Amino acid sequence: VLMDGTPARLSPGARIKNTNNTLVMSASLVGQRWIVNYLRDGQGMVHEVWILNAAEIAQPRPGRQTSTNIVFESD
């Protein structure tokens with residue numbers, strides 16, 4: 001994944017949830033941009049990703065940057 005222009009790796013078993021809170025496969029997101037919340041595991045890899053809906057994006061959150069994009073790409 002590419003997060004704010006910086007490459008990051010998904011952990012083995014990473015979970016990605018869409019705006020309906022259902023699991024999606026990373027391959028179905030290749031080439032798309034999303035505003036997300038995420039958690040990293042102990043190794044620093046992205047382990048959980050939540051794609052935000054419009055209402056969640058509109059909520060002010062502490063520490064939030066003006067642009068938080070994640071782009072899924074394949075090798």
Problem set entry | Length added when fully stretched, Ala8-Ile57, from 0.36 nm per residue minus Cα-Cα | 15.5 nm
Problem set entry | Backbone HN-Hα couplings from phi across segment 20-29 [Karplus 6.51/-1.76/1.60, Hz, Gly and Pro as x] | 9, 6, 10, 5, 10, 8, 4, 4, 7, 10
Exercise. So how do 15-21, 56-62 stack up, highest first, on mean other-Cβ count within 10 Å?
Worked result: 15-21, 56-62
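No lab work stands behind these numbers, since they all come straight from the coordinates. These numbers come from a predicted model, not from an experiment. Cβ: placed from backbone, ideal geometry, glycine included. Neighbour counts: every protein chain shown.
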